[in-house]
1. Would you pick out the residues in the stretch 253-273 that are over 30 Å from Phe329 (Cα atoms) and either open to solvent by less than 20 Å² (accessible area, probe 1.4 Å) or within 16 Å of the ligand (Cβ to nearest atom) (or both)?
2. Can you name every residue in the stretch 91-109 that is in contact with a strand residue (DSSP E or B) (Cβ under 8 Å, 6 or more places away or on another chain) and open to solvent by 30 Å² or more (accessible area, probe 1.4 Å)?
3. Among what's in the stretch 50-90 and is within 16 Å of the ligand (Cβ to nearest atom), in contact with an Asp or Glu (Cβ under 8 Å, 6 or more places away or on another chain) and over 21 Å from Asn14 (Cα atoms), pick the residue that is most open to solvent (accessible area, probe 1.4 Å).
4. Going by what's in this entry, would Val140 be described as more than 16 Å from the ligand (Cβ to nearest atom), in a strand (DSSP E or B) and in contact (Cβ under 8 Å) with a residue 60 or more places away in the chain?
5. Scan the stretch 243-259 for residues that are part of a loop (DSSP other than H, G, I, E, B) and either at pLDDT below 95 or within 14 Å of the chain's Cα centre (by Cα) (or both) and jot them down.
6. Answer with yes or no whether Gly45 is within 16 Å of the ligand (Cβ to nearest atom) and either farther than 24 Å from Glu98 by Cα or aromatic (Phe, Trp, Tyr) (or both).
7. Of (1) without any contact (Cβ under 8 Å) to a residue 60 or more places away in the chain; (2) touching a strand residue (DSSP E or B) at 6+ places or on another chain (Cβ under 9 Å); (3) part of a loop (DSSP other than H, G, I, E, B), Ser228 satisfies all except one. Which?
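The values are calculated or read from the model by the stated rules, or taken from the named source; none is laboratory data. The structure presented is a predicted model; accordingly, all values stated were derived computationally and were not measured. Quick reminder, even Gly has a Cβ in these numbers, built from the backbone with ideal geometry, and neighbours come from all protein chains shown. Heads up: the accessible areas ignore ligands, DNA and RNA and are worked out on the full protein's heavy atoms, side chains in. Shrake-Rupley method; radii C 1.70, N 1.55, O 1.52, S 1.80 Å.
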Amino acid sequence: MSKLINCDLWSDNNGVHINAHAGGIIEFKGVYYWYGEDKTEGWEGRLAYHGVHCYKSTNMVRWEDEGIVLKCVEDKESPISKGKRIERPKVLYNDMTEKFVMWFHSTDEGHTIAKSGCAVSDSPLGPFEFVGAKWPNAGVWPLNMFDENKRPARLIESKNYSELKFLDSENKDITKYNLLGRDFERGQMARDMQLFKDDDGTAYHIYASEHNSTLHIAKLTDDYLDHSDEYVRVFPNRWMEAPAMFKRNGKYYLLMSGCTSWDPNAARAAVGESPFGPWIELSNPCKGKNKFNGHDEQTTFGCQSTYVFYIDKEDRYIAMFDEWHPENFIDSRYVWLDIEFDEIVGYRIPWKDSIRL
Ligand code: DGJ
């Protein structure tokens with residue numbers, strides 16, 4: 001048994017700090033694969049210059065560098081060209097096609113594109129082949145949409161909002177607009193995202209949509225390479241980012257952040273009857289103080305959620321967070337904490353200096 005110290009430098013097999021930020025982990029045939037954003041030095045490091053980095057481990061403590069498994073390209077027209085953004089990459093194994101499917105937030109330096117990128121590989125170690133980037137659910141209304149909002153007049157009225165500025169951080173003005181209607185034909189915005197594979201193999205794509213104001217949860221097709229035309233809108237105008245979904249005893253849970261760019265804010269939590277809900281918001285699950293940076297639960301220990309990994313063998317849920325260092329992104333750190341479940345509050349994430357693995 002060994003442990004990782006939160007907010008410390010986490011060395012790989014070459015003694016280099018692990019470079020897989022806003023990432024997630026899958027287990028395949030007894031081996032753990034950690035995929036995340038490869039960051040570079042300085043503020044510039046927020047952009048993608050290499051691609052998606054992968055590490056491999058059999059014990060979750062010693063991680064071997066497997067290099068870049070989805071590579072940035074030189075072609076400036078490509079959504080994965082150097083200097084664009086490849087954010088929050090997540091990978092699922094598809095039992096039917098026996099392929100590894102990656103989805104990520106695909107956008108540009110100015111964060112104006114808000115698409116979802118997809119890539120596929122025969123091996124967990126890549127190379128992942130880029131499939132494309134899209135706005136999900138074009139021409140499809142969510143399952144939980146009121147007929148009132150589908151009226152053609154409402155749709156036309158929402159086509160061109162000349163006064164609409166770049167409303168990507170919490171802003172009450174957003175309630176004046178029908179952004180879902182505006183984006184109905186071309187497809188919905190998709191920013192911070194997550195993948196979730198249910199016990200029956202059905203996969204869901206969870207993403208911040210409508211300028212980040214509202215989360216969408218969409219079912220993927222059986223091969224995980226596309227959206228299935230079934231999705232719901234959840235937590236309208238609650239500005240949730242960094243979503244992570246997990247399941248325990250038939251209940252579904254979400255861990256999320258608020259929407260304050262790279263600055264930490266108070267974590268959000270929710271419990272649902274199914275991935276499509278109904279969802280009920282819970283209180284901030286975090287408790288305690290991070291002695292390394294002085295942040296407490298009001299700012300999620302100075303961190304932002306990225307993934308919840310279930311260790312099957314130990315029936316243990318690990319909440320994974322990023323401590324962002326925007327002045328030098330490559331120096332951003334990791335915080336992993338055990339989740340404790342509770343009949344009354346749903347779940348808690350108490351601060352611990354280290355994680356035993
Ligand atoms: C917060 C998101 O959670 C990050 O992934 C990143 O997109 C930043 N915003 C960019 O401002």
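1. Within the stretch 253-273, just Gly272 meets the criteria.
2. Correct list: Tyr93, Lys99, Asp108, Glu109.
3. Out of the qualifying residues, it is Lys84.
4. Numbers: more than 16 Å from the ligand (Cβ to nearest atom): yes; in a strand (DSSP E or B): no; in contact (Cβ under 8 Å) with a residue 60 or more places away in the chain: yes.
No, not satisfied.
5. Passing the criteria: Gly258, Cys259.
6. On the way: within 16 Å of the ligand (Cβ to nearest atom): yes; either farther than 24 Å from Glu98 by Cα or aromatic (Phe, Trp, Tyr) (or both): yes.
Yes; evaluated as a whole, the condition is true for this residue.
7. Only one criterion in (1) without any contact (Cβ under 8 Å) to a residue 60 or more places away in the chain; (2) touching a strand residue (DSSP E or B) at 6+ places or on another chain (Cβ under 9 Å); (3) part of a loop (DSSP other than H, G, I, E, B) is unmet by Ser228, namely (3).
Per-residue answers, yes or no, for (1) in contact with a helix residue (DSSP H, G or I) (Cβ under 9 Å, 6 or more places away or on another chain); (2) within 16 Å of Gly117 (Cα to Cα); (3) of a type outside the set (Asp, Glu):
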{"residue": "Ser2", "(1), (2), (3)": "no, no, yes"}
{"residue": "Asn19", "(1), (2), (3)": "yes, no, yes"}
{"residue": "Glu41", "(1), (2), (3)": "yes, no, no"}
{"residue": "Arg62", "(1), (2), (3)": "no, no, yes"}
{"residue": "Lys71", "(1), (2), (3)": "no, yes, yes"}
